[in-house]
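Peer 1: Below is the structure I would like to discuss, written out as structure tokens.
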Amino acid sequence: MLFDGKHQKNLTKIVAIVAIVAFLGFGLVAGFLAVGGGGCGTTDPLQQAVSDAQTSVRQGKTAVANAKKALKQSPGNAQSKKDLEQAQSDLGQAQITLAQARLAVNHQDPEALSSALAAAKSAPGNLDVVLGLVTVATTQSNPAAALPALQAYTSRNPRDSQAYAYWGQVAEQAGQRNQAILAYQRFLQLAPDDTLAADIRNRLADLSKPVTTTG
């Protein structure tokens, strides 16, 4: 773990999300087996969750298309712009739900990451969606896949200090040392007195040490 004690809780939300998904998945499987799962006419609840999420994504895409059409007809309408933004955010939430459902079925399902990447593209300004992508990417040992989404989010929300803390942590996991340093430095600029500041200063001190090679 990168952070110790109570401060660790603030920077391990993504780990908690993975744990919740796994817990729910195992719980659903246990319940399925308890009622004689696998019998004819019985639906696997994990697969049902995927199916339900796919339906929500289809509905979300339709809502976005309709909102775009309405905005095209009234390009200066503030409400139409809000409706499109909301539809895109809702679609992103549906897509990340689909990604997490697929992750619960199979932690290595490439479609889980594809859905999560699509979610972050639909709702780049929604931190919950972006962290959902982080969850999927890190679970599949591919944290680098989430870095562009974190960068896009902070571009839209340049004063969200917590986002920079997450970005730094994910960059470290991805082996992007310089990127992690920049993210942590920005966090400290925005929130020098935050409860995480001391831990992040320690991380920066470690990351700033010269890299030594052996042999």
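Read-outs throughout are calculated quantities, based only on the coordinates presented, and are distinct from any laboratory measurement. This one's a predicted model, so the numbers in the text were calculated from it and none came from an experiment. Backbone-built Cβ (ideal geometry, glycine too); neighbour counts: all protein chains shown.
Peer 1: Taking Gln162 and the conditions (1) over 21 Å from the mean Cα position of the chain (by Cα); (2) in contact (Cβ under 8 Å) with a residue 60 or more places away in the chain, which numbered condition does it fall short on, given that it satisfies the others?
Peer 2: (1)
Peer 1: Which residues, counting only those in segment 161-172, are buried (at least 19 other Cβ atoms within 10 Å of the Cβ) and of a type outside the set (Gly, Ala, Ser)?
Peer 2: Result: Tyr164, Tyr166, Trp167, Gln169, Val170, Glu172.
Peer 1: What's the number of the condition Gln79 fails, among (1) buried (at least 21 other Cβ atoms within 10 Å of the Cβ); (2) farther than 27 Å from Pro45 by Cβ?
Peer 2: Checking Gln79 against (1) buried (at least 21 other Cβ atoms within 10 Å of the Cβ); (2) farther than 27 Å from Pro45 by Cβ, the one that fails is (1).
Peer 1: Having 2 or more residues that are touching a Pro at 6+ places or on another chain (Cβ under 8 Å) is the bar; report the helices (runs of 4 or more DSSP H) wholly within segment 98-215 that clear it.
Peer 2: 127-139, 147-156, 161-173
Peer 1: Go through segment 95-137 and give me each residue that's β-branched (Val, Ile, Thr) and surrounded by fewer than 20 Cβ atoms within 10 Å (Cβ to Cβ). Quick ask: steps written out before the conclusion?
Peer 2: Keep residues of segment 95-137 that are β-branched (Val, Ile, Thr), which gives 96-97, 105, 129-130, 134-136.
Listed by number, the list holds a single entry, Val105.
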